[in-house]
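FYI, it's all coordinate maths here, none of it is from the lab. In this text the structure is predicted, and so the values were computed from the model without any measurement. We place every Cβ from the backbone using ideal geometry, glycine too, and count neighbours over all the protein chains shown.
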Amino acid sequence: MSFINYLSREINCKIVYYGPGLCGKTTNLQWIYQRTAPEAKGKMISLATEQDRTLFFDFLPLSLGEIRGFKTRFHLYTVPGQVFYDASRKLILKGVDGVVFVADSQVERMEANMESLENLQLNLSEQGYQLEKIPYVIQYNKRDLPNIASVAELRELLNPLKATEYEAIASRGNGVFDTLKAVAKLVLTELKKGSGG
Amino acid sequence: MNMVMYEEELNQVQVVVDKLVRDANARVVCIVDKNGQLIAASGETDNLDTTSLASLIAGTIAAMGGMAKLLKENEFPTQFHEGVKANIHIQLVGNRVILAVIFDSRATLGLVRLRVKRASDELNNIFEALTRRLPQRGGNTPFGEITDEDIDNLFND
C-alpha cells in the first residue's frame, strides 16, 4: 500500500526482500546503501542478532527522483530468512508494494529456496495478496560460488510465474541495482494502472 | 489500495500534533501509518531521523499486535518506554495510525497520557472522515497521468 502525501508532494512505496536464511538479502541492501549518493538515502537500520543474522528487519529509505512533481521514495525492507522467524516475516509483508525473492544459487540450498518461496506465497495470501498479481522480481544470487545450479534449473524450480529474473553476486554488487530498478519500475507501473491511467 | 492524503487532512493532522507538542510539553510528536510511513511530525525534529523512527515505531506496534494475537487479545494499543533522558509513549489510534510522543523530564507520563487521549479522539475523527471520502475520490492519484517514459527517465543514470 503506497502512501501519497499531497502536502509534501511525496509518494512512498514499500519493497520487501524475501528469501531463505543467508541468501544475501541484507547484502543487497548494504550494497545499495554503500553505492547511493548521501542525499538520496536515509540511514540503514539493521535489527540483527549478535551474530549479524537479521532478527526483525533491515530498513533502508531511498529517494529515486521526481515524477510529475512528486518525489518518489522507496522503503526497502528485508525479512529474517531463518525458518523460525515466520511471525516476524508476516508482519513485514503488511502493506507491501513489491517483492524481490533472493534465491541462493547453491545446489544444497535449493530445498531452502523452495521452502521460502512457498512460505512467501502463503504469507502473502494471508494478507490477501497473490504473488502473481503483485510487482515481483526474482534474483539468483551467489553466481560466483562453485557448486551452483544452472539458471535453467533455478528457473524451472523457482520461477514458474516467469517473473523478471536476474543473476547476481550481491557481495560484489553484480545484479543488485538491476533487481532494484526492475521491481521499482513494476511498482510504479502498478500505481499507474491502479489509478486508472 | 493506496493511502492518499490531501493538504486539507494533512493540515488538520498537523494542527493536532502541533497542539499536542505544546500541551504535553513534548519534545517530538509523530503520526505514523501502520506500514511505517511518516504522516506528520512536530517539535524538535531537526536532528532526528524521523523516517527511521517511523519504520521502527510501526515495527514495534506490529510486533505487539502479533503478540496480542498469540495471547488472544485484540491489540496492545499503548506502549511506554522509559529511558534516562527520553521517554516514548506510543498509542495506536483507531487501529489505523500510530501516535508517538517523545518527552523528557519537562513532562510527566500522566500529562502525556491525558493529552494523548484527547488528541487520539481528534485524530480518529479526521481519519474516519478521510476513510468516508476515499470512495468519492475514486482512488485517483497523480500517477494516473504518468507515462512509461516518465518511469524510464527516473532510472537514467
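Overview of results
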{"read-out": "Condition met for A:Thr72 (assigned to a strand (DSSP E or B), among the β-branched types (Val, Ile, Thr) and buried (at least 21 other Cβ atoms within 10 Å of the Cβ))", "value": "yes"}
{"read-out": "Segments classed as strands (runs of 3 or more DSSP E), wholly inside the stretch B:18-132, with at least 3 members that are closer than 30 Å to A:Ala40 by Cβ, under 11 Å from the mean Cα position of the chain (by Cα) and within 14 Å of chain A (Cβ to nearest Cβ)", "value": "B:28-33, B:38-43"}
{"read-out": "Candidates A:Leu47, A:Leu7 - the one that is in a strand (DSSP E or B), in contact with a helix residue (DSSP H, G or I) (Cβ under 9 Å, 6 or more places away or on another chain) and either at negative phi or free of Cβ contacts under 8 Å to residues at least 24 places away in the same chain (or both)", "value": "A:Leu47"}
{"read-out": "Tally, over the stretch A:123-137, of residues that are assigned to a loop (DSSP other than H, G, I, E, B) and of a type outside the set (Gly, Ala, Ser)", "value": "5"}
{"read-out": "Qualifying positions in the stretch A:108-126 - exposed (fewer than 14 other Cβ atoms within 10 Å of the Cβ) and either more than 22 Å from B:Gly66 (Cβ to Cβ) or more than 16 Å from the chain's Cα centre (by Cα) (or both)", "value": "A:Glu108, A:Glu111, A:Glu115, A:Leu122, A:Ser125, A:Glu126"}
{"read-out": "Within the stretch A:139-197, considering residues that are over 22 Å from A:His75 (Cα atoms) and at the interface with another protein chain (Cβ under 10 Å from one of its Cβ atoms), the one surrounded by the fewest Cβ atoms within 10 Å (Cβ to Cβ)", "value": "A:Gly196"}
{"read-out": "Pair list, Cβ under 6 Å, 6 or more apart: the stretch A:82-96 residue more than 7 Å from chain B (Cβ to nearest Cβ), other residue buried (at least 19 other Cβ atoms within 10 Å of the Cβ) and assigned to a loop (DSSP other than H, G, I, E, B)", "value": "A:Ser88/A:Pro80; A:Arg89/A:Val79; A:Ile92/A:Val79"}
{"read-out": "Top-ranked residue in the stretch A:77-100 [being in contact with a helix residue (DSSP H, G or I) (Cβ under 6 Å, 6 or more places away or on another chain) and not in a helix (DSSP H, G or I); ranked as surrounded by the fewest Cβ atoms within 10 Å (Cβ to Cβ)]", "value": "A:Leu93"}
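Yes or no, residue by residue, for (1) buried (at least 19 other Cβ atoms within 10 Å of the Cβ); (2) more than 14 Å from every other protein chain (Cβ to nearest Cβ):
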| position | (1), (2) |
| --- | --- |
| A:Phe3 | yes, no |
| A:Tyr18 | yes, yes |
| A:Thr27 | yes, yes |
| A:Ala37 | no, no |
| A:Arg53 | no, yes |
